[in-house]
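The structure appears below as structure tokens.
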Amino acid sequence: MTEYRNHNTAFHSELLAAVPHRDNSVLDIGCGDGLLLRKLATAAASVTGIDSDHSAVARARARLADTPDAHLVEGDVLTSSELDDRRFDLITCVATLHHMPLIIALERMRELLAPGGSLRIVGLSANKTVIDRLVAGALVLPVRVASTIHRESGYPGMTTEQPRESLADIRRAAAMVLPGSRIHRRFYYRYTLDWTKPL
Ligand SMILES: C[S@@+](CC[C@H](N)C(=O)[O-])C[C@H]1O[C@@H](n2cnc3c(N)ncnc32)[C@H](O)[C@@H]1O
């Protein structure tokens with residue numbers, strides 16, 4: 001299956017660098033067609049991807065067919081019993097948090113992390129404040145240039161949604177559910193959230 005580049009894959013190398021150097025397990029929430037999962041599998045002892053979209057999971061299964069220790073789950077991460085007694089050293093979640101109820105999803109991610117494990121979210125937020133709009137406006141030209149240089153190809157076959165919560169909403173929810181988490185505005189109209197679960 002082909003590789004491609006878009007506003008989400010631009011963050012893959014830093015997510016790959018977050019894989020802990022030990023016998024580790026990684027969960028990618030909203031794994032889509034498995035492109036990130038396949039990269040994570042080169043560094044992790046075992047990888048699991050979950051997505052609620054049947055066709056995305058079918059494409060992920062095909063992409064990871066020859067990858068040992070890769071496990072695909074078709075289902076809703078919030079309710080899937082297949083994950084209930086599993087805990088992960090790294091959880092990644094790219095462009096997917098805004099598809100779910102914010103606080104419930106953050107609580108579920110906290111639950112699925114092993115003590116000492118890391119959560120890395122790449123997310124989208126809604127532009128609600130003047131600052132949000134100014135930042136988004138300032139990014140239009142550089143993002144267009146970067147997208148052209150990198151020959152970005154969009155989101156082949158992905159289920160997409162518009163974000164509802166602003167970055168301020170997300171900061172408030174994260175402060176409550178994931179105290180000590182760090183959130184930064186990033187290029188490509190994204191933010192990143194990093195959190196380590198206390199031991
Ligand atoms: C915009 S796509 C992003 C896919 C992939 N992470 C990427 O970066 O290309 C969002 C994905 O999240 C999945 N998704 C949405 N809600 C979900 C849920 N509750 N549980 C599992 N997957 C979910 C969708 O089916 C979709 O494949």
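The values are calculated or read from the model by the stated rules, or taken from the named source; none is laboratory data. All values derive from a computational prediction rather than experimental measurement. A quick note on method: Cβ atoms are made from the backbone with ideal geometry, for glycine too, and the neighbour counts reach across all protein chains shown. We work out accessible area using only protein heavy atoms, side chains counted, and drop any ligands, DNA or RNA first. Shrake-Rupley method; radii C 1.70, N 1.55, O 1.52, S 1.80 Å.
Details
- Any hit, the range 1-15, residues being open to solvent by 50 Å² or more (accessible area, probe 1.4 Å), away from the ligand (no atom under 13 Å from the Cβ) and either under 16 Å from the mean Cα position of the chain (by Cα) or modelled with pLDDT of 95 or more (or both): yes
- Scanning the range 85-101 for residues that are more than 12 Å from the ligand (Cβ to nearest atom) and either in a helix (DSSP H, G or I) or of a type in the set (D, E) (or both) yields D85, D89.
- Only residues that are farther than 20 Å from A18 by Cβ and within 12 Å of the ligand (Cβ to nearest atom) were counted in the range 64-82, giving 9.
- Hits in the range 124-181 - residues which are on the phi < 0 side of the Ramachandran plot, assigned to a loop (DSSP other than H, G, I, E, B) and away from the ligand (no atom under 16 Å from the Cβ): N127, K128, T129, L178, P179, S181
- Selection of the range 16-64 for residues being charged (D, E, K, R) and open to solvent by 30 Å² or more (accessible area, probe 1.4 Å) yields R22, D23, R38, K39, D53, R59, R61.
- The listed residue being assigned to a helix (DSSP H, G or I), of a type outside the set (V, I, T) and closer than 24 Å to S147 by Cα, out of E14, E82: E14
- Evaluation of L199 against (1) under 17 Å from the mean Cα position of the chain (by Cα); (2) farther than 20 Å from L36 by Cα; (3) open to solvent by 80 Å² or more (accessible area, probe 1.4 Å) (one fails), failing number: (1)
- V77 vs. criteria surrounded by 15 or more Cβ atoms within 10 Å (Cβ to Cβ) and part of a loop (DSSP other than H, G, I, E, B): yes
- Scanning the range 137-156 finds one or more residues that are among the acidic types (D, E) and either closer than 20 Å to N8 by Cβ or open to solvent by 50 Å² or more (accessible area, probe 1.4 Å) (or both).
- Applying the criterion of being in a strand (DSSP E or B) and at pLDDT 95 or above to the residues of the range 45-63, the residue that is farthest from the ligand (Cβ to nearest atom) is V47.
- Those residues of the range 176-196 which are hydrophobic (A, V, I, L, M, F, W, C) and open to solvent by 70 Å² or more (accessible area, probe 1.4 Å), in sequence order: M176, F187
- From the list V94, V177, the one residue that fits, being closer than 18 Å to S52 by Cβ and at pLDDT 95 or above, is V94.
- Of all the residues in the range 114-140, those that are under 13 Å from the mean Cα position of the chain (by Cα) and among the charged types (D, E, K, R) number 1.
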